[in-house]
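First the structure, in the form of structure tokens, and then the observations on it.
The values are calculated or read from the model by the stated rules, or taken from the named source; none is laboratory data. If you're wondering where the values come from, they're calculated on a predicted model, not measured in any experiment. Using ideal geometry, Cβ is built from the backbone for each residue, glycine included, and neighbour counts are taken over all protein chains shown. Heads up: the accessible areas ignore ligands, DNA and RNA and are worked out on the full protein's heavy atoms, side chains in. Shrake-Rupley method; radii C 1.70, N 1.55, O 1.52, S 1.80 Å.
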Amino acid sequence: METLTIKRKEFEIVEQLGDRTWKVTRDGNFYVAKKFEVKSDEYFDYIYSANRMKSALILAPRIILKDKKAGYVLTNFIEGQTVLDYICENEIDEEFLYKKIFGSAHLAKINGMALDFKPDNWVITDKGLACLKVGFKIYAKNLDFSQTDIRLWFITKEFARYAKEKGKNFDVNRLKDEYLTNKNLVLMTCKYYV
């Protein structure tokens, strides 16, 4: 089995998650190891973003270990079903899902962050919704959740298209009348976000 060494600690590679990103294990615990160019802006931006998201109380990967010399960052592995899969496979628990995502959007907004709210970047955990993508843009009204990805969190034509692009099976018979969908979207936004 292949291993990674970070700060003189050996981690066994379980699987590659992406370019320069691995799921690793040590002592029965799972982590995510990311490799950056040594002393690059990308490395420091990641550290800064993770710390800002933590201080804003947004559930996201937490830094466990960092090695500036080698360019590695180790975070906890967040287990759970992506929201994209959840919406494709289940009837939506509106009370849970919308309360949590609008709560995260509000926390991001008041902390000056515009997060990526695409549903495959969020997982449902026993602690709530967790954002898997560490990083953000500076908040601007046009980057607000209600202006960007909100329609991907409801059973909409946009969601059906997005699910198809991601290779997910989604029953388009679940789509409702556009008027009813928009009405529900506005009601949930007023109830949980405004």
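Measuring nothing but how far apart in sequence close Cα pairs (under 8 Å, 6+ apart) lie, relative to its length, the chain scores a relative contact order of 17 percent.
The alpha-carbon of Lys141 sits under 16 angstrom from the alpha-carbons of these aspartates and glutamates, leaving out residues fewer than 8 places away in its chain: Asp116, Asp149. Using a Gaussian network model of the chain in which every pair of alpha carbons under 10 angstrom is joined by a spring, one finds that among Ala140, Ala114, Ala160 the greatest mean-square fluctuation is at Ala140. Take 69-77, 181-189 and order them by the average number of nearby Cβ atoms within 10 Å per residue, most first; the result is 69-77, 181-189.
Modelled spin labels at Gln147 and Lys54, positioned 7 Å past Cα toward Cβ, are 3.1 nm from each other. Can you give me the C-alpha center-to-center distance between segment 144-174 and segment 8-41, rounded to a whole angstrom? Going from one Cα centre to the other spans 31 Å.
Checking the Cα-Cα distances for Lys99/Lys127; Lys35/Lys166; Lys137/Lys168 against a 18 Å cut-off, the pairs over it are Lys35/Lys166; Lys137/Lys168. Take segment 116-167 with all the other protein chains still there, run a 1.4 Å probe, and you get 51 Å² of accessible area per residue. Adding -39500 (n - 2.57) for every DSSP H run of four residues or longer, then dividing by how many residues the chain holds, sets the calculated 222 nm ellipticity at -10000 deg cm²/dmol. Label-to-label distance for Leu175 and Thr25 is 4.2 nm, based on points extended 7 Å past Cα in the beta-carbon direction. Placing a pseudo-label 7 Å from each Cα along the Cα-to-Cβ vector at Gln81 and Lys137 gives an inter-label distance of 3.1 nm. Packing order of peptides 18-31, 96-109, highest average first: 96-109, 18-31 (average count of other Cβ atoms within 10 Å over each peptide's residues). Full extension of the chain between Asp41 and Ile13 gives 7.5 nm of extra length, using 0.36 nm per residue less the Cα-Cα distance.
Scoring 141-151, 169-179 by mean Cβ neighbours within 10 Å over their residues and listing the highest first yields 141-151, 169-179.
The mean sequence separation of alpha-carbon pairs under 8 Å and at least six residues apart, normalised by the residue count of segment 18-92, gives a relative contact order of 28 percent.
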